[in-house]
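Here's the structure we're looking at; comments come further down.
The values are calculated or read from the model by the stated rules, or taken from the named source; none is laboratory data. Nothing here was measured: the structure is a model prediction, and the numbers come from that model. All Cβ positions, even for glycine, are placed from backbone atoms using ideal geometry, and neighbour counts span all protein chains on display.
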Amino acid sequence: MYTVTAEDMLSEIGDLKLRLSEAQEAIDAIKNGSVDAFAIRKDGKPEVFTLQSLDYAYRVLIEKFSEGALNLTLDGLIIYSNSYFSKLIGIPNEKVTGSYIFDFISGESRKKFQEHFVLALKGCSKTEITLSGNNRDIPVYVSLTNLQPQLATVGMIVTDLSEKKLYEQLFELHTETLRKKNVELEHLNKSLDQFASIASHDLQEPLRKIKTFTALLKMKANQTLSAESNELIDKIKRSSERMSLLINDVLNFSRVVHMEDMFVKTDLNQILNDTLKDFDLLILEKNAVVSIGILPVVDAIPLQINQLFYNLVGNALKFSKIGTPAALSISSRILSAEENGNEFYSKFNLDEQLSYSEICFKDNGIGFEQQFAEQIFSIFERLNSQEQYSGTGIGLALCRKIVQHHHGRIRAEGKDNDGAIFYVLLPLTQETNAASN
Amino acid sequence: MKNKSKLECISKGKIFLKLYITGMSENSVRAIQNITLLCDQYLTGRVDLEIIDIYKNPSVAEEQMIVFSPSLIRQLPLPKKTFIGDLSDAKKVILGLGITLNE
Amino acid sequence: MKENIVILIVDDDEDDRKLFIESAKETNAGITFVTASDGQEALRLLKDEHIRLPDYIFLDLRMPRVGGRKCLEEIGKDKRLRDIPVFIYTTSTDVKDSRELKEMGAVHFISKPADPGDIYYILSVVLDEKWDQLNKKGV
């Protein structure tokens, strides 16, 4: 037996007051509609009782959405369809509801849809089919979901793919056009190539005759001709030599962008060594000192790199200062966006994804004024007269074209009468046309 | 461990709230808007809020005897407090939660 | 050097024929030249049993009607003719051609030089029957 104190009773009253006020609050809330539903344990199971219709928001969502939404019985009878679907197939909603979904599916898709409907009864399934309506076949993506146990129906969401299909068609068309143009271009290049080949050959023929007959003339008339006449004949001879060189150079220049040339792993050291061998005699004559560094292996067209190095080395030797033994140094370094910075890369418009090799040809020859640094790469541009230094004016233009074809850059720095430096930037790898050796 | 961390939070003034709603009903939407406004204005960093849809989780009725929707329950700090309705009476909620207005 | 040599030059270009003959005169050998301006004419001359066979044949490639290739083919087929040394004498510098024509029976492939001195050299080497030396000169 325990005694109940006044304190206990007051405390209990306080508790009861609190609970009463809370219950009153609840009743008030129900009365003024600020409560929608409640969850309660009924027969040991939790259940939700709805006090008022809450589905307004859901209705609006389904009705206004830009996708088709339907509710189908397990036999495929449409018991609900939203306005988007009716509009999509061009049939008023009153007619849609109560029809079978299969009526709106094109003949070719029926079987596929049937299969997926059956699949959906086990859970859900998604597939692409064609609806027929609005006088056309409508490509759509459908998502079917079994809504059991809550509802004995299958929900279906329909997404219109017409626009997507249109874009796909356009894309294919453009790709096809592009492919055709590429084939055309290849043919054109091939025939241009043939033309250049034949033209140069046919142009060389008369030149050969000029050379031969002037030589013959000289031979036959050697003693009887005056010094002046001899000189005239020599001029003819020199001009025809020059013409011959020019034709070859122009032919080489036109040949650079040969569609069939593949980029292969090329050891630049090998190419440089071969080039220097070609100049053995000249190097000896000029007492030239050539120092070479290690060059990398890059994706390139060997023949073109050969022409590039040949021109650069040749120039360095040709434009040496009289009385000073020529000194040429060739070195290289590797550049990458991480190490050399985005500034360097953007200054020379390089591809940040690629690493480059910068090959440096430095000589101590007659150089040039820095203001002409760009000009010298223009075709037929010369800074010296023909009498001073021989040449066709194509060499550096060819170099630039070759370097560009390799997606690289070439630039020059020079000082008047104080040497020149040529920087050749070549990417280490080429994306397309790359074949490993 | 969980209790210990809760205790720690209380000593720093953290409040644990549960908001019960029914899907997208107008009342539910208002309740969500109101509580988030409240939390942002007065309880930044101090509140742990859970929003539960009683349609999706009728089993919440296991814990309480009856759960109204929308309703807000303060679980911690004790004592438990219940606010029924869409919480549009901000003053009432603030007072009830024991938030002092001069932060 | 042999005496009384007969050389057949087959070339449609009058200048080249003349040039060849002129250069040959410099070698001071008693050479008789027979010329044909295309393969057809050349074969006619060769197949004529009344005419003495040449000791050497210099054959151009690009000629109208019957070209050098066809002519070389026909020479190879003829028992009477196939032992005569044939030198392809052409403007083409294609190495591919060279290999192919040698397989067809040509003794050597010579690119027409621009320097008449070279023609003289070639001829003297040929007449000395030392035509491997032609390789060394880079002809």
- line: So, first residue farther than 13 Å from A:GLN430 by Cα in region A:346-360, second residue crowded, with 17+ Cβ neighbours inside 10 Å and of a type in the set (A, V, I, L, M, F, W, C), Cβ within less than 6 Å, six or more apart or across chains; the pairs are A:GLU352/A:ALA337; A:GLU358/A:LEU335; A:GLU358/A:LEU425; A:ILE359/A:VAL424
message: For the list (1) within 30 Å of A:ASP193 (Cβ to Cβ); (2) acidic (Asp, Glu); (3) assigned to a helix (DSSP H, G or I), I need the number of the one condition that A:ASP299 fails.
response: (3)
message: Quick check on A:LEU207: is it away from chain C (no Cβ under 14 Å), among the hydrophobic types (A, V, I, L, M, F, W, C) and within 23 Å of A:ARG255 (Cα to Cα)?
response: no
- prompt: Inside region B:53-75, can you point out the residues that are touching a Phe, Trp or Tyr at 6+ places or on another chain (Cβ under 8 Å), farther than 15 Å from A:GLU22 by Cα and exposed (fewer than 15 other Cβ atoms within 10 Å of the Cβ)?
  reply: none
- prompt: So, of the residues in region A:378-396 that are at pLDDT below 90 and of a type in the set (A, V, I, L, M, F, W, C), which turns out to be nearest to A:ASN311 (Cα to Cα)?
  reply: A:ILE394
message: Taking the criterion of being over 12 Å from the mean Cα position of the chain (by Cα) and buried (at least 16 other Cβ atoms within 10 Å of the Cβ), would at least one residue in region B:89-102 satisfy it?
response: yes
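How many residues does region B:43-70 hold that are facing another protein chain (nearest Cβ under 8 Å), part of a strand (DSSP E or B) and modelled with pLDDT of 85 or more?
The total comes to 3.
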message: Step by step: first the residues of region A:57-91, then only those that are surrounded by fewer than 17 Cβ atoms within 10 Å (Cβ to Cβ) and part of a loop (DSSP other than H, G, I, E, B), then the one that is nearest to the other protein chains (Cβ to nearest Cβ). Which residue is that?
response: A:PHE65
Flag for B:ILE99 being at pLDDT 85 or above, more than 10 Å from every other protein chain (Cβ to nearest Cβ) and either within 23 Å of A:GLN52 (Cβ to Cβ) or assigned to a loop (DSSP other than H, G, I, E, B) (or both): no
field: Complete set of residues in region A:315-354 that are at pLDDT 90 or above and within 32 Å of the chain's Cα centre (by Cα)
entry: A:SER331, A:SER332, A:ARG333, A:ILE334
Failed item, numbered, when B:ALA31 is tested on (1) at pLDDT below 85; (2) surrounded by 17 or more Cβ atoms within 10 Å (Cβ to Cβ): (1)
